[in-house]
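The values are calculated or read from the model by the stated rules, or taken from the named source; none is laboratory data. Every value quoted in this text rests on a predicted model; they were computed, and no experiment measured them. No Cβ is skipped: glycine too gets one built from the backbone with ideal geometry, and neighbour counts run over all protein chains shown. Please note that ligands, DNA and RNA were not included when accessible areas were found on the heavy atoms of the full protein model with its side chains. Shrake-Rupley method; radii C 1.70, N 1.55, O 1.52, S 1.80 Å.
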Amino acid sequence: MRATGRLKFFISGTSNFIVFRRPPDEDWVKSQRKSTTEDKIVQGAVAEVLNAVYEADFVGFSHGFRPGRSPHSALAALDKALMTQRVNFVLDVDIRTFFDSVDHGWLMRMLAHRIADSRVLRLIKRWLAAGVLESGQWRAVEAGTPQGSGISPILANVFLHYVVDLWVHQWRRRRAAGQVIVCRYADDMVLGCEFETDGKQLLADLKDRLAQFGLSLHGGKTRLIEFGRFAACNRAAAGQRRPETFDFLGFTHYGGRTRKNKFMVKRKTQAKRLVRKLKAIRDEMQRRMHAPVREQHRWLRQVLIGHYQYFGVIFNYRSLRVFKDCVVRQWRKTLGKRSQKGRMNWVTFRQLLNAFPPGTGDPSGMAAMIDPPRVLSEEPTAVTPHGGFCGGESQQWLS
């Protein structure tokens, strides 16, 4: 059956959905649900429709899974906000198991607020209630979005748009004594406050707001820290250590100084991400141990270039160098286990590197990696919302 025919078949409501299957070796806390090919086609079509509808409603500080936006655009907006706005405290927010905690009832009410087509709503409701097939047994799912599916990102964005974005924008306009900046990518969010009292009150109110929709904050990862251009001086005057750091989108953000002794935000690869990535590469090298050297080299170049393209930002050269050196040493160690003649010495390995250099990616593309992306004009400091709120009854979600 062709894709167009299958699409009509699903929308008509006469098709039965296959439950999502969890892989046998799945040991994650979050359940990965695999969709059938037909489901993916329909989910992609519905996701495009929802993106077109909600793109005009989403606020400017929301960057996750939106056209023309990326993690780097979120990092650039946050970087500019921290260095140009009156930010003295940073609230690092982490929602506990968000994708597994989305309430289906609330989500369907939010979608029905903007989507009037009952066929689309019926499709989404059936995807949410499809369940998980684990160890040959079907298990119903009462909360959460099907991670790994094409419809999950837009559903998560819609849920957080009503639960967090509209609410926090109203909070800072009505209750904040000073300036408050916001930057969110999916369920990762950073808020900057001018006054500590605003940060503490915002944290308490945010906990109550999320509890209304069945969500909660991770106690060990959510914290309010002193961060900004005056943080180092204030902590030094109080006899405290240097300002704390916070993690956002795989980077550790810390305060630094320019050559003219002006404050600036610097970033480096998050240590946990680096270690986890190196362990995954080590395991994959063991699996590819007896593959031809040329194939291993081609795969390693792809890994390095992909890592550079994401983590290749200014002031992060040391972490990039450490990553490359660890990968090269692990490759030598793996090649030395291919035979029983002993470990490969460095002289032989350097000759191999001359023939198969790991490289650093395309030099012409390094400038695009290091230079931050252009911050969108409608939210140059991650403060001004993009577009406008939903009209009329949308204000009900703010209370």
Residue check, Arg172 touching a strand residue (DSSP E or B) at 6+ places or on another chain (Cβ under 6 Å), basic (Lys, Arg) and open to solvent by less than 10 Å² (accessible area, probe 1.4 Å): no
Test: Ala271 is touching a Ser or Thr at 6+ places or on another chain (Cβ under 9 Å), within 30 Å of Gly220 (Cβ to Cβ) and open to solvent by 50 Å² or more (accessible area, probe 1.4 Å): yes
Top-ranked residue of region 230-246 - restricted to ones that are open to solvent by 60 Å² or more (accessible area, probe 1.4 Å) and in contact with a helix residue (DSSP H, G or I) (Cβ under 8 Å, 6 or more places away or on another chain), ranked as modelled with the lowest pLDDT: Arg241
Index of the failed condition, Trp346 passing every other in (1) open to solvent by 30 Å² or more (accessible area, probe 1.4 Å); (2) within 23 Å of Gly250 (Cα to Cα): (2)
Sole residue being part of a loop (DSSP other than H, G, I, E, B), of a type in the set (Lys, Arg) and either farther than 20 Å from Phe98 by Cβ or at pLDDT 85 or above (or both), chosen from Lys277, Lys221, Lys272, Lys266: Lys221
So Gly219, is it of a type outside the set (Phe, Trp, Tyr) and more than 21 Å from Ala81 (Cβ to Cβ): yes
The listed residue being surrounded by fewer than 21 Cβ atoms within 10 Å (Cβ to Cβ) and closer than 30 Å to Gly228 by Cα, out of Ser118, Ser73, Ser101: Ser73
Residues of region 211-231 satisfying the condition of being without any contact (Cβ under 8 Å) to a residue 24 or more places away in the chain and either among the hydroxyl-bearing types (Ser, Thr, Tyr) or over 19 Å from Gln201 (Cβ atoms) (or both): Gly220
Residues located in region 272-307, provided they are of a type outside the set (D, E, K, R), out of contact with any helix residue (DSSP H, G or I) (no Cβ under 9 Å at 6 or more places or on another chain) and touching a residue at least 40 places away in the same chain (Cβ under 8 Å): His290
Positions within region 202-211 being in contact with a strand residue (DSSP E or B) (Cβ under 9 Å, 6 or more places away or on another chain) and not basic (Lys, Arg), in sequence order: Leu202, Leu203, Leu206, Leu210
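Conditions (1) surrounded by fewer than 19 Cβ atoms within 10 Å (Cβ to Cβ); (2) closer than 18 Å to Leu210 by Cβ; (3) modelled with pLDDT under 90, marked per residue:
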position: Val158; (1), (2), (3): no, yes, no
position: Tyr162; (1), (2), (3): no, yes, no
position: Ala176; (1), (2), (3): yes, no, yes
position: Val182; (1), (2), (3): no, yes, no
position: Asp187; (1), (2), (3): no, yes, yes
position: Val190; (1), (2), (3): no, yes, no
position: Thr197; (1), (2), (3): yes, no, no
Selection from region 199-209 of residues that are open to solvent by 20 Å² or more (accessible area, probe 1.4 Å) and either touching a residue at least 40 places away in the same chain (Cβ under 8 Å) or among the β-branched types (Val, Ile, Thr) (or both): Leu203
